Structure formats: C-alpha cells, structure tokens
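Note sheet for the following structure.
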Amino acid sequence: MSLSFDLLAQHGLARRGRIGTAHGTVETPAFMPIGTAGTVKAMMPQSVAETGAEMILGNTYHLMLRPGAERVATLGGLHKFMNWPRPILTDSGGFQVMSLKELRKLDDDGVTFRSPIDGTQHRLTPERSIEIQKLLDANVTMSFDECTSWPVEEPEAAASMRLSMKWAERGKRAFSVRPGYGLFGIVQGSVFPALRMESAAALTDVGFDGYAVGGLAVGEGQETMFSVLDIIVPMLPADRPRYLMGVGRPADIVGAVRRGIDMFDCVLPTRGGRTAQAFTRRGELNLRNARHRDDPRPIDEHCACPACRHHSRAYLHHLIRAEEILGAMLLTWHNLHYYQDLMRGLRGAIDSGRLDDWSAAFEEEQRRGDIAPL
C-alpha cells in the first residue's frame, strides 16, 4: 500500500490513527474542509492551517472545467497552485456530474456532459478521472462512481452500485502506484443492506488504500445512516482508513466515529459561515437573528478562534446585516475552528479511553443549547 495508516488507539469501535502521505501526516479522526475549486471559501490557506486542519478536499469536476487539470499540472500541481503544502484529497467528480441531469449522458463506459460554464462538451471515464487527479497531484484519489439518487428503488440502486464497482476496478488498473499517494474505493448501495455488503466485498477483493462510504446524508436521516454504518464498517479492512463522504453535522460525526469512521468532509461549516450560521458546543446559532444585536458576548466563550477572541455577537450580527465580507470570513474561521476542536476532542477521548464520558458531555451541551445573556 502506498499510503501508511497507523492505528494508535481504539475505544470500542472508535479508532485513533495517523495517515502518512507525501505531503505530511493526518491525525484521525479527521475533518477535511472543502476547497472545491482550489480555495476554502472566505479563508486564506494559512488561516485554514491555523484552525488545525491537516488535509483539505478539492474537486476533479470543478478543477477540470476551470482552470483545467493540465494547466494546474503545468503550474506545479494543486499544492503549489493554491499554496497548500499539506495533504489533499480530491473527489472524483462523480457527484457533480450526476447532478447535471439534463446536461449529461451516462453509459457503461463513463459520462458525457456539457459544461454549465460555457457549454463545452466533456467526457469523464474512470480512467480520465484518475488521470485528472494525478495531474492535480492529489495525495488521495477517489474512484469515479455513479452517485445513486435518493429516494431510489432497490433495482435502480443495484444497477448503479454494480456500475460503480466496475468503474472502481478500472480505476484501480489506471492508478499509478507511488509512495505517499493512494486510491480509495467507494462503497455504494443506498440504504439496502445486501447491496452495501455486496459493494464492500467487491471493493475489498480489488484492494484499495482506503475505503469510503458514499451515498449517505442525502435525505435518509441520521438513524438510517447509522444503521447502514453498523452493517458496513465492520466489513471494511481494519488496517485501512475509512471515510464517510459528505458528513456532516457535529452529532453525525460523533456517531460515525463511534462506529469506526476515520475521515469526514462537509460543506456545512464553510457554507454556514457565509449564511450567518455558527456551530458551537451548545448547538447552532443564527447570527442574523435580532437577539444578537446588543449581545456583547463572543459566539462561544471557550473558543480560541479570532472571531471569538476579538469580536462580539453584536458586531458579527452587524457585519452580517450590513453584508460585509468580514462577517463571512470570521464566521467561516470560527466554524472550521469548531470542527477541528471537535476532532481534537474525539482524538483525545479515544487516546485516554474516555470516549463514552466525552460523548455524553457533548450530547448534554448540545441538548442544553445556547444560554441567554444575563
């Protein structure tokens, strides 16, 4: 295997690990901020690093359309292009292509689609997706898959999953093995246990550097998502990282870690930063609400991010109401810092064997909610 993964501690099914890549290590459980088009929105690269993030996610689809994978490669790869010297994982582009609907045509070999930017025609196959991710210099390349729609009937989910398994095998053959770089397979099958087990078995037979669970957090609800993880995660190789794609809210992450997941990504902290939403240890806040207008307190008195150290809720409320860019910047920084604090807390709890107590305290604070000013 080209990526190293060291299992450092366990508490129940939860794991504390370390992934080694050509651009540094990633402590797990880990949350990856979304840097879809070569930038984490409203953040400087060094600011992302200051939150504690060690790995970010880029996207094949967006980067192939603009500025182009070949151009990025000519300019030294995505790490140099965006000034992020740490590890990068790239999504294969499958989710975005499948969401185009009227602009794409799917066949057994791949997908043909028109760019929503300029109308030009493009073709993505498992091999081309792997090639683009190599041009971008991604440390973790994701297999090209068909993202199963939701809701879906079992026969349609089965056909989608089996096509993705064929594409995963083709992608594995196309992948260039080199030290510090790896390829992850993606388990599909929607909410159907038999399909999920078939997918996990097929990927394990092929053999990958890591295993992702895709097609969840698409509307099925937390209870169903956790029930799928309860079935699938024990089937995945214990000596490889496990990645739950597109998840999620803090409670989703905690529950998934307790079920053996190691890696996460989600747009919520950055999107929330641009839409007045703050994530805190006591739940979510909407800083647009008038109740924050005269509140001199920080978002969270226990948070060490710049927004909480230097600014009041009242000021952030003003920035949001005035549509000032600084409001989005400060809230995004806060949210990413909170998510990294969450992961630091989970890692420490697993290391110390106190995950049950830590989880109970997390749930109690979330349940209590935000406390009104005196």
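The values are calculated or read from the model by the stated rules, or taken from the named source; none is laboratory data. Just so it is clear, the model here is predicted, and its values are computed rather than measured. Virtual Cβ from ideal backbone geometry, glycine too; neighbours counted across all protein chains shown.
Look at segment 279-302: where a residue is loosely packed, with under 14 Cβ neighbours inside 10 Å and a partner is assigned to a loop (DSSP other than H, G, I, E, B), sitting 6+ places away or on another chain with Cβ atoms under 7 Å, you get Pro296/Ser312; His302/Arg281. When every residue of segment 316-333 is checked against the conditions, none turns out to be surrounded by fewer than 20 Cβ atoms within 10 Å (Cβ to Cβ), of a type outside the set (D, E, K, R), in contact with a strand residue (DSSP E or B) (Cβ under 7 Å, 6 or more places away or on another chain) and under 26 Å from Met32 (Cα atoms). In this entry, Thr125 passes the filter for residues that are surrounded by fewer than 20 Cβ atoms within 10 Å (Cβ to Cβ) and closer than 19 Å to Gly185 by Cβ.
Looking across segment 198-215 at every residue that is touching a strand residue (DSSP E or B) at 6+ places or on another chain (Cβ under 6 Å) and outside any helix (DSSP H, G or I), the one that is farthest from Ile186 (Cα to Cα) is identified as Asp209.
When segment 319-367 is filtered for residues that are of a type in the set (Gly, Ala, Ser) and either touching a Phe, Trp or Tyr at 6+ places or on another chain (Cβ under 6 Å) or within 27 Å of Leu287 (Cβ to Cβ) (or both), the ones remaining, listed by number, are Ala322, Gly327, Ala328, Gly345, Ala349, Ala361.
Filtering Pro193, Pro155 for residues that are farther than 21 Å from Asp108 by Cα and out of contact with any Lys or Arg (no Cβ under 8 Å at 6 or more places or on another chain) leaves a single hit, Pro193.
Segment 72-185 holds strands (runs of 3 or more DSSP E) entirely within its bounds, and those carrying 2 or more residues that are in contact (Cβ under 8 Å) with a residue 24 or more places away in the chain and closer than 30 Å to Val26 by Cα map to 88-91, 140-142. The residue list Arg114, Arg66 contains one member that is more than 16 Å from Glu146 (Cα to Cα) and at pLDDT below 95, which is Arg114.
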